[in-house]
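In what follows, a structure is listed as structure tokens, so that the remarks can point back to it.
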Amino acid sequence: MKDYEAKDGTMIFAGLPVTEIADEFGTPAYVTDEQRLRENYRNVYSAFSKYMDTRIHYACKANTNLAILSILNQEGTGIDAVSVGEVMTCLKAGIPADRIMYTGVNVSDAELKAVTDMGVMINVDSRSELERLAKINKKLPISFRITPGVGSGHSDKVITGKKGSKFGIPKNDVIKTYLRAKELGFDIKGIHAHIGSGGQSVEPFMDMMDVLTDTVNELKENGIDLEFIDMGGGIGVPYKMNEDEMDLNELAMNVTDIITENTDIETIILEPGRYIVCDSTVLLTRCVDVKDAGVKKYIGVDAGFNTLIRPAMYDSYHYVAIGNKFGKCSTAKYDVAGPICESGDFLAHDRALPDPEEGDVVVIYNAGAYGFSMSSNYNSRPLCSEVLVNDGKAELIRERETVEEQWKHQIVPERLRQ
Ligand SMILES: *Cc1c(COP(=O)(O)O)cnc(C)c1O
């Protein structure tokens, strides 16, 4: 993982001192580097398109800010959407329906109707979903998500491809389900699997691709020809300073090799979420309190697990720096903790950092994926703002929510009103 540059002891983000961004927009705020976002998209696209026809379906659950979707739309992205809300948000950002694929799990009939009414193709997750979809819309093309029996991920909570998973068509039912879809008259385009999120090695992707290509050939013997293989997302990114990036070229070469050697499939779809947005964004938060609790020292900041839940939920590591003391020697180890009233509310444990003071700008790295999108109103704290920086210019792309907005949908029955 790469670090940022410093000028006069202050961290520079996309050409701007982080202190300036924090002063102008307040904290906490997610701040995105537009150029880095574009680079990530281009990196993953060009790694694969060297070898075969490639479509990138950005897994937008990682980050659905409309400005970020608009940037990726300019890059030509397609979308992996998992809810009606995500589909509507992507359409709102200008992404055409025919570049969106919907991969839901435990999908209701209402959701199937809403998504297909918008002209979005369904990646079917179960036999039940297929039968229900047949009664709702048979005109749009479909593909199937299968359970590949291969899993990978940064935490057990995000491994999706293992045998017995709630996701996908179980291996033994795959051929039967495709044949049933053909009988129902569906236009079947592809096959999909997603092993999990944030794994750092190439092997699980290759193992999954072996399963997918074998299935493609078995389907062919059964009279079903597919156009694409969708390898899902899950490309990991380094969160620690000494960790290397995954070798995208090695991944692309190995995976596409399995396809071109064994099948006549010409198109590969990938659904990277984390890879595209993760390191484009930092979370800026401010030190509001410093405490020496004897056995532990704390840096108290204004962002907690309401703002970034990954450390509390998955025990995820996010690198932390003090933006206005950038490159200064560390004095002790600190826990970085937020304002939420739970002892599980922390952003980092035991980090060697320079002497903290109230007012310092604390920077949480790699916050672009599953950061804002998983944030909440817990403790009645408003959702934070989002900022986009391009060429040394910062623009607000989401206003900080107000407390009043949290009351908007609540109703106090007449009899209880004072
Ligand atoms: C979450 C998800 C992805 C993206 O995973 P990343 O690890 O963010 O790349 C891709 N496809 C599906 C179906 C998903 O559910």
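Residues that are surrounded by fewer than 17 Cβ atoms within 10 Å (Cβ to Cβ), out of contact with any Lys or Arg (no Cβ under 7 Å at 6 or more places or on another chain), at pLDDT 95 or above and within 19 Å of PRO17 (Cβ to Cβ): does region 316-328 have at least one? Looking for residues that are surrounded by fewer than 17 Cβ atoms within 10 Å (Cβ to Cβ), out of contact with any Lys or Arg (no Cβ under 7 Å at 6 or more places or on another chain), at pLDDT 95 or above and within 19 Å of PRO17 (Cβ to Cβ), one finds at least one in region 316-328, hence yes.
Annotation: of all residues in region 94-117 being part of a loop (DSSP other than H, G, I, E, B) and either at pLDDT below 95 or away from the ligand (no atom under 15 Å from the Cβ) (or both), the one that is farthest from PHE144 (Cα to Cα) is GLY94.
The single condition from (1) at pLDDT 95 or above; (2) within 13 Å of the ligand (Cβ to nearest atom) that GLY199 fails is (1). One residue stands out in region 207-232 among those that are within 14 Å of the ligand (Cβ to nearest atom) and assigned to a loop (DSSP other than H, G, I, E, B): the one that is farthest from HIS154 (Cα to Cα), namely MET231. Here the condition is being touching an Asp or Glu at 6+ places or on another chain (Cβ under 9 Å) and exposed (fewer than 14 other Cβ atoms within 10 Å of the Cβ); of ASP244, ASP225, it holds for ASP225 alone. Of the residues making up region 233-286, those that are within 16 Å of the ligand (Cβ to nearest atom) and in a helix (DSSP H, G or I) are LEU248, LEU251, ALA252, VAL255, ARG274, TYR275, ILE276, VAL277, CYS278, ASP279, SER280.
Just so you know, in region 78-87 the residues that are touching a strand residue (DSSP E or B) at 6+ places or on another chain (Cβ under 9 Å) and without any contact (Cβ under 8 Å) to a residue 40 or more places away in the chain include one that is nearest to TYR41 (Cα to Cα), and it is ILE79.
Among the residues of region 158-171, not a single one is open to solvent by 70 Å² or more (accessible area, probe 1.4 Å), free of Cβ contacts under 8 Å to residues at least 12 places away in the same chain, outside the structural domain of ALA369 (by TED's automatic domain parsing) and not in a loop (DSSP other than H, G, I, E, B).
Taking first residues from region 15-32 that are in contact (Cβ under 8 Å) with a residue 24 or more places away in the chain and partners that are part of a helix (DSSP H, G or I), the Cβ contacts under 6 Å between residues at least 6 apart in sequence or on separate chains come to VAL18/GLY323; THR19/ASN324; TYR30/PHE372; VAL31/ILE21; THR32/SER280.
Counting only residues that are away from the ligand (no atom under 16 Å from the Cβ) and open to solvent by 50 Å² or more (accessible area, probe 1.4 Å), region 132-157 holds 5 of them.
The values are calculated or read from the model by the stated rules, or taken from the named source; none is laboratory data. All figures in this text were calculated on a predicted structure; none of them were measured in a lab. Here Cβ is always computed from backbone atoms with ideal geometry, including for glycine, and neighbour counts include all displayed protein chains. Calculation scope for accessible area: heavy atoms of the full protein, side chains included, ligands and nucleic acids excluded. Shrake-Rupley method; radii C 1.70, N 1.55, O 1.52, S 1.80 Å.
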